[in-house]
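Just below is one structure, and these are the notes that go with it.
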């Protein structure tokens, strides 16, 4: 206890056991990490590699992700073992625009690295600048644990913001894409050709939506069923308008109705819906401005009206 008091000050003597437990926990984590990262290779994977080593096609991948290969051997530690949890994180990253195979690994590694790194930074900052004076144990925990918690939550906050921004971009650009697709279909192009054309035309304004259309065209060229391809697109986007569009296209293909007519009706609905969203935002604006208007207008008005009377009363009192 005397050692803790000499390092952290007299105010931290009551939290001595808590400090010792915290530092011992950090030390144990740092000691355990090399053993966790040093995972042995699965014998079945080794047999597969040996079997495909001499195969020029199966033994050589078409594309390699160097950043993900370095983390692949830590997948049992970094990736969630629960299938449902893994699927939810995978879908969230996909909707945020991170569609690579190693996205989940990189996401969890970022949380782990930033959490541990900023925790160490918090400890160093406290020892160098705050340990000499009288510091409350609550503030001490905030200095030490606060940066670590912030570092752990930062990737989640970033992915959530990216996901929402991507959804907004797709929602804003989808009516224009449907209008362009309708023009292409009425000009005599097929649905697949119109998707390719729209993907190229809207890339400058809405790159996220252009990427989704490009993925659809590539999957259709690869021979995948169009209904499944469109359903996958709706799942990747996570936007209700795209899901409704997929339902309309699948029903049109199933019942043999005109795709151009279905696009014309649905594109008109999307334009009306976009106008309604703009009107909704405009109607919300006065309510949002009320508080700011009161804070910026009422105090100066009170000063102008009340200040002369206060000055007069003060002068009469003297």
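Observations on the structure shown:
- A single entry from 212, 279 fulfils the requirement of being in contact (Cβ under 8 Å) with a residue 24 or more places away in the chain and either loosely packed, with under 15 Cβ neighbours inside 10 Å or under 18 Å from residue 179 (Cβ atoms) (or both): 212.
- Residue among 229, 265 that is outside any loop (DSSP other than H, G, I, E, B), farther than 21 Å from residue 165 by Cβ, touching a helix residue (DSSP H, G or I) at 6+ places or on another chain (Cβ under 6 Å) and free of Cβ contacts under 8 Å to residues at least 24 places away in the same chain: 229
- Candidate set: the range 191-200, residues that are surrounded by 17 or more Cβ atoms within 10 Å (Cβ to Cβ) and free of Cβ contacts under 8 Å to residues at least 60 places away in the same chain; chosen: the one nearest to residue 260 (Cα to Cα): 194
- For the range 87-110, the set of residues classified as assigned to a helix (DSSP H, G or I), touching a residue at least 12 places away in the same chain (Cβ under 8 Å) and surrounded by fewer than 17 Cβ atoms within 10 Å (Cβ to Cβ) consists of 91 only.
- Against the criterion of being farther than 22 Å from residue 183 by Cα and surrounded by 15 or more Cβ atoms within 10 Å (Cβ to Cβ), residue 239 qualifies.
- Qualifying residue in the range 239-250 (condition: in a helix (DSSP H, G or I), touching a residue at least 24 places away in the same chain (Cβ under 8 Å), out of contact with any strand residue (DSSP E or B) (no Cβ under 8 Å at 6 or more places or on another chain) and farther than 19 Å from residue 173 by Cα): no
- Unmet requirement for residue 166, which otherwise passes all of (1) modelled with pLDDT of 90 or more; (2) within 27 Å of residue 209 (Cα to Cα); (3) out of contact with any helix residue (DSSP H, G or I) (no Cβ under 6 Å at 6 or more places or on another chain): (3)
- Total residues in the range 124-168, condition in contact (Cβ under 8 Å) with a residue 24 or more places away in the chain, surrounded by fewer than 18 Cβ atoms within 10 Å (Cβ to Cβ) and under 30 Å from residue 200 (Cβ atoms): 1
- The selection criterion, being more than 24 Å from the chain's Cα centre (by Cα) and in a helix (DSSP H, G or I), does not hold for residue 223.
- Residues being assigned to a helix (DSSP H, G or I) and over 30 Å from residue 244 (Cα atoms) - total across the range 270-318: 32
The values are calculated or read from the model by the stated rules, or taken from the named source; none is laboratory data. A quick note: this is a predicted structure, and the numbers were derived from the prediction, not measured. When we count neighbours, we look across all protein chains shown, and the Cβ atoms used for this are built from the backbone with ideal geometry, even at glycine.
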